[in-house]
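J.: Here you go, one structure.
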Amino acid sequence: MRTFRMGKAIWTAAVVTCLLPVAGAVQAGESLTSELRLSDAVQTALEKHPALRAAGYQAEAAASGVRQARAGFFPRVDFSEGFSRSDNPVYAFGSLLNQGRFTAADFAVDKLNHPDPITNWRTNLSGSVPLFLGGRTVLGYQQAQLGHSAAEQGRLRAEQEVIFGVVRAYAAVLLSREALSTVQAAVRTAEANLAAAEARYEAGLVVASDALAARVRLGRLREEAIAAANQVRLSQAALNEAMGLPLDRAHKLTGRLDLPPELSEPLEALEASARTQRPDYRQLDLEVQRLEKDVLRSKGALLPTMHLTGNYEINNYRFASNGQDSWSVGVVLSLNLFNGGGDHARIAEAQANHRRAVAQRERMANAIGLEVHDAFLAHQTARERVGVAREAVAQAEESLRIVQDRYDAGLTTIVELLDSETALTAARTNLTRTLYDATVSQARLDLSLGRLDRARF
């Protein structure tokens, strides 16, 4: 019976060493392309899984948002180059004036009413420096920083969920291969039983029904072996999907199923630490802070704004030639007096969004406590079931030994022997399942605690 090695303490070694290197058996019909440790599978998933790429792009977008918000602290400078031609009297008069080419002849009534088409090249350089914006620039920058931090926490949570998927899929492959190994061993035993039953029948020691019973048992086990082999292939495809690899890739896993260590921390301490370690909880807490800034920012819209402005302009009738230049410098004070109540509605919206996020944070805190509680109890139950299953295997082995001795002595029928072998196969299969459940329950507990990160691998 193979074992799945797990180390000490909650997942620090529980997942990393739960899959210690051992020689992996090549199952019938498999084409194994490479050896694969759990740590290798995790690293592959961290590099290739599309969910992590998406979370990474979201974090990159949030980082760009920070740079955009930071730009609000700097002056704005604009440059423009324009060309126009018109015989509009107002345009013609203004262009001549801007170009510094106005003469007394241009005041003739006919000239004023019917000017010749005027060409104007206009080069303009303008700038604006924010002096006071009601705190909106600072608050916007702080919002962007909080949004970026929240996106990073979202990326970390996505990373943990991917790792959990890999651990679960990796253990499922080990489970399916162990189940196949168990049923293949049962097939070999059934083949030997059939040969022995037929030999005894030929010798007149047993009736024909003994050989028939052995043949039926062998046929049923061969069907189970086919199903088990298919499950191996399916679990391997699921592992590839969890790693972000093509589904038809096969690997030789270097791990075994074993009992995870007993928990050393009490449930109350685990529930308390989960809220500080879970990235999704920190993400929501950062969102609450961001929305709080949004409330203050929306209130800033009620305050006046002040900008320092400057402008430099060159006008000429030909391109790239010296023209008439002009400049201006000023301070602009703006205050919205009425916009139909839009600003106050925006404040109310921001306040409602903030209250909603606060309520969601409270709900998540309660949900995390329940999740940790459930995972903790599931882990304890899984460990207890492993002990019971191991005892059942020992009892089934002893029962088979006794029945085998009785059968060899001619004191019982082959039906009792086959029943004992069936019971042993079922007990071994159940033990493998309980070891798998214990491994997954350990991973689920650490996921609920926010401890399942790349540093463990």
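J.: Here is a list: 282, 275, 297, 217. Which entry is assigned to a helix (DSSP H, G or I), modelled with pLDDT of 95 or more and crowded, with 17+ Cβ neighbours inside 10 Å?
T.: Only one candidate qualifies: 282.
For every residue, the table says whether it meets (1) under 18 Å from residue 424 (Cα atoms); (2) among the charged types (D, E, K, R); (3) in contact with a strand residue (DSSP E or B) (Cβ under 6 Å, 6 or more places away or on another chain).
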residue: 199; (1), (2), (3): no, no, no
residue: 202; (1), (2), (3): no, yes, no
residue: 210; (1), (2), (3): no, yes, no
residue: 216; (1), (2), (3): yes, no, no
residue: 220; (1), (2), (3): yes, yes, no
residue: 227; (1), (2), (3): no, no, no
residue: 231; (1), (2), (3): no, no, no
residue: 235; (1), (2), (3): no, no, no
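J.: Consider residue 415 carefully, then state whether it is assigned by TED's automatic domain parsing to the domain that holds residue 214, at pLDDT 95 or above and either part of a helix (DSSP H, G or I) or under 17 Å from residue 192 (Cα atoms) (or both). If you could, list the steps in order and put the result at the bottom.
T.: On the way: assigned by TED's automatic domain parsing to the domain that holds residue 214: yes; at pLDDT 95 or above: no; either part of a helix (DSSP H, G or I) or under 17 Å from residue 192 (Cα atoms) (or both): yes.
It is false that residue 415 is assigned by TED's automatic domain parsing to the domain that holds residue 214, at pLDDT 95 or above and either part of a helix (DSSP H, G or I) or under 17 Å from residue 192 (Cα atoms) (or both).
J.: Let me ask you something else. If I go through segment 222-246 residue by residue, how many of them are in contact (Cβ under 8 Å) with a residue 40 or more places away in the chain and outside any loop (DSSP other than H, G, I, E, B)? Walk me through how you get there before you give the answer.
T.: Step one: list which residues in segment 222-246 are in contact (Cβ under 8 Å) with a residue 40 or more places away in the chain, which gives 224-225, 228-229, 231-236, 238-239, 241-245.
With the extra rule that they be outside any loop (DSSP other than H, G, I, E, B), the set shrinks to 224-225, 228-229, 231-236, 238-239, 241-243.
Of the residues in that region, 15 qualify.
J.: Would you check if residue 81 is out of contact with any Asp or Glu (no Cβ under 8 Å at 6 or more places or on another chain), in a helix (DSSP H, G or I) and modelled with pLDDT under 95?
T.: Details: out of contact with any Asp or Glu (no Cβ under 8 Å at 6 or more places or on another chain): yes; in a helix (DSSP H, G or I): no; modelled with pLDDT under 95: yes.
No: the conditions fail for residue 81.
J.: Do we find that residue 195 is more than 47 Å from the chain's Cα centre (by Cα), surrounded by fewer than 20 Cβ atoms within 10 Å (Cβ to Cβ), in the same structural domain as residue 228 (by TED's automatic domain parsing) and over 30 Å from residue 225 (Cα atoms) in this structure?
T.: Details: more than 47 Å from the chain's Cα centre (by Cα): yes; surrounded by fewer than 20 Cβ atoms within 10 Å (Cβ to Cβ): yes; in the same structural domain as residue 228 (by TED's automatic domain parsing): yes; over 30 Å from residue 225 (Cα atoms): no.
It is false that residue 195 is more than 47 Å from the chain's Cα centre (by Cα), surrounded by fewer than 20 Cβ atoms within 10 Å (Cβ to Cβ), in the same structural domain as residue 228 (by TED's automatic domain parsing) and over 30 Å from residue 225 (Cα atoms).
J.: For segment 247-265, state whether one or more residues are free of Cβ contacts under 8 Å to residues at least 12 places away in the same chain, in contact with a helix residue (DSSP H, G or I) (Cβ under 9 Å, 6 or more places away or on another chain) and part of a loop (DSSP other than H, G, I, E, B).
T.: yes
J.: List pairs: first in segment 277-290 and within 16 Å of residue 447 (Cα to Cα), second at pLDDT below 95 and surrounded by fewer than 19 Cβ atoms within 10 Å (Cβ to Cβ), Cβ under 6 Å, 6+ apart or cross-chain?
T.: Short answer, once both residue conditions are applied: 281/275.
J.: Kindly indicate which of 390, 361, 346, 355 is loosely packed, with under 14 Cβ neighbours inside 10 Å and in a helix (DSSP H, G or I). So that I can check it myself, show each step before the final result.
T.: Values: 390 fails: loosely packed, with under 14 Cβ neighbours inside 10 Å; 361 fails: loosely packed, with under 14 Cβ neighbours inside 10 Å; 346 fails: loosely packed, with under 14 Cβ neighbours inside 10 Å.
Of 390, 361, 346, 355, the one residue that is loosely packed, with under 14 Cβ neighbours inside 10 Å and in a helix (DSSP H, G or I) is 355.
J.: If I filter segment 24-41 down to residues being under 18 Å from residue 246 (Cβ atoms) and at pLDDT 55 or above, which single residue comes out as surrounded by the most Cβ atoms within 10 Å (Cβ to Cβ)?
T.: Ranking the candidates gives 41 first.
Okay, residues lined up against (1) basic (Lys, Arg); (2) surrounded by fewer than 20 Cβ atoms within 10 Å (Cβ to Cβ); (3) outside the structural domain of residue 292 (by TED's automatic domain parsing); (4) under 30 Å from residue 230 (Cα atoms):
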| site | (1), (2), (3), (4) |
| --- | --- |
| 120 | no, no, yes, no |
| 123 | no, yes, yes, no |
| 129 | no, yes, yes, no |
| 153 | no, no, no, no |
| 158 | no, no, no, no |
| 172 | no, no, no, yes |
| 175 | no, no, no, yes |
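J.: In segment 414-433, which residues are surrounded by fewer than 23 Cβ atoms within 10 Å (Cβ to Cβ) and either closer than 25 Å to residue 373 by Cβ or among the charged types (D, E, K, R) (or both)?
T.: Selection gives 416, 419, 421, 433.
J.: Separate question: Output yes when any residue across segment 255-263 is surrounded by fewer than 19 Cβ atoms within 10 Å (Cβ to Cβ) and either over 30 Å from residue 384 (Cβ atoms) or out of contact with any Gly (no Cβ under 8 Å at 6 or more places or on another chain) (or both), and no when none is.
T.: Checking segment 255-263: at least one residue is surrounded by fewer than 19 Cβ atoms within 10 Å (Cβ to Cβ) and either over 30 Å from residue 384 (Cβ atoms) or out of contact with any Gly (no Cβ under 8 Å at 6 or more places or on another chain) (or both).
J.: Just checking, how many residues over segment 122-171 are of a type in the set (Gly, Ala, Ser) and touching a Phe, Trp or Tyr at 6+ places or on another chain (Cβ under 6 Å)? Step through it out loud before you land on a result.
T.: Initial filter on segment 122-171 (of a type in the set (Gly, Ala, Ser)): 126-128, 134-135, 140, 144, 147, 149-151, 154, 158, 165, 169, 171.
Okay, now just the ones that are also touching a Phe, Trp or Tyr at 6+ places or on another chain (Cβ under 6 Å), so 171.
Result for segment 122-171: 1.
J.: How do the pairs read when you match residues in segment 298-314 that are more than 15 Å from residue 140 (Cα to Cα) with residues anywhere that are surrounded by fewer than 15 Cβ atoms within 10 Å (Cβ to Cβ) and of a type in the set (Asp, Glu), using Cβ under 6 Å and keeping only pairs 6 or more apart or on different chains?
T.: 314/325
The values are calculated or read from the model by the stated rules, or taken from the named source; none is laboratory data. Only a predicted model underlies this, so the values are computations on that prediction, with no experimental measurement involved. Quick reminder, even Gly has a Cβ in these numbers, built from the backbone with ideal geometry, and neighbours come from all protein chains shown.
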